[in-house]
Amino acid sequence: MERKRSATIAVDPDRDAPAACPEGIARELPATWRFNFKSIDDEHQQLIDDLNAGWSAFGPAASAPFDRLKTMFVSLKGNMLLHFESEEAEMAALGYPGLQAHKEQHRSAIERLETIEAGAAAIGIVGRADLYALLDTLVDDMLRADVSFKTFLFARGLVHMG
Ligand SMILES: [Fe+2]
Ligand SMILES: [Fe+2]
């Protein structure tokens, strides 16, 4: 299916608004977030897609029953694990010196997901704030942590910037 491309990430400007943002929590990876290296961009986009599927499950309400979001949590966790595994394999193959620290970052991202999921499961409700917390977790990987790897790839002429 053809994706609609947008230059900027579309995030609901009013995080406490009860109405759903029709575009989803975030649509597409902005160009500056892209790696242009193997499957990393597609994997990052898949994580955003998982989050958008969860966002759509809310309807117009500010919260949703946990059962309705169960599939999203399963898919998101599975795709995060797959992505982290493939990213770490690329780092290992290229001798990336930040691999161990990056593995720790990945582990803490999974822990954050599990904490958010367990909290929502305990009360049987997922709030939109939970999805924003998950988005923050993904941004920690895609931007704050992965950018060092992108710089490493750039220095070796393996990716282009922009
Ligand atoms: Fe990463
Ligand atoms: Fe990543």
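Which residue pairs have Cβ atoms closer than 6 Å, lie 6 or more positions apart in sequence or on different chains, and pair a first residue in the range 76-94 that is more than 18 Å from D136 (Cα to Cα) with a second residue that is in a helix (DSSP H, G or I) and near ligand 2 (Cβ under 10 Å from one of its atoms)? So the pair list comes out empty. Filtered by the rule that a residue be part of a helix (DSSP H, G or I) and farther than 15 Å from L76 by Cα, the range 94-107 gives L94, L99, Q100, A101, H102, K103, E104, Q105. Whether any residue in the range 102-109 is under 18 Å from D41 (Cα atoms), within 14 Å of ligand 2 (Cβ to nearest atom), more than 17 Å from the chain's Cα centre (by Cα) and surrounded by 14 or more Cβ atoms within 10 Å (Cβ to Cβ) is what I want to check. No, there is no match, as no residue in the range 102-109 is under 18 Å from D41 (Cα atoms), within 14 Å of ligand 2 (Cβ to nearest atom), more than 17 Å from the chain's Cα centre (by Cα) and surrounded by 14 or more Cβ atoms within 10 Å (Cβ to Cβ). Among residues that are within 21 Å of Q46 (Cα to Cα) and modelled with pLDDT of 95 or more, T71 is included.
Of all residues in the range 30-75, those satisfying the criterion of being among the charged types (D, E, K, R) and in a helix (DSSP H, G or I) are D41, D42, E43, D49, D50, D67, R68, K70. Once the range 72-101 is narrowed to residues that are within 14 Å of ligand 2 (Cβ to nearest atom) and within 19 Å of R156 (Cα to Cα), the residue that is surrounded by the most Cβ atoms within 10 Å (Cβ to Cβ) is E87.
Of all residues in the range 128-147, those that are under 24 Å from M91 (Cβ atoms) and assigned to a helix (DSSP H, G or I) have Cβ atoms under 9 Å from Cβ atoms of residues that are among the basic types (K, R) and within 16 Å of ligand 1 (Cβ to nearest atom), 6 or more apart or on another chain, in L134/R112; D136/R112; T137/R112; D140/R112. So which residues in the range 126-147 are surrounded by 14 or more Cβ atoms within 10 Å (Cβ to Cβ), within 14 Å of ligand 2 (Cβ to nearest atom) and not aliphatic (A, V, I, L, M)? Within the range 126-147, T137, D140, D141, D146 qualify.
For T115, the stated conditions hold: it is farther than 20 Å from E28 by Cβ and among the β-branched types (V, I, T).
Any residue in the range 110-117 that is closer than 20 Å to F37 by Cα, among the β-branched types (V, I, T) and without any contact (Cβ under 8 Å) to a residue 12 or more places away in the chain? No: zero hits. No other residue among A31, A57, A61 is under 16 Å from the mean Cα position of the chain (by Cα), more than 15 Å from ligand 2 (Cβ to nearest atom) and modelled with pLDDT of 75 or more apart from A31. When A133 is tested against (1) at pLDDT 95 or above; (2) touching a helix residue (DSSP H, G or I) at 6+ places or on another chain (Cβ under 6 Å), only condition (1) is not met.
The values are calculated or read from the model by the stated rules, or taken from the named source; none is laboratory data. Computed from a predicted model, the values in this text were never measured in an experiment. Cβ sites come from the backbone with ideal geometry, for glycine too, and all protein chains shown count toward neighbours.
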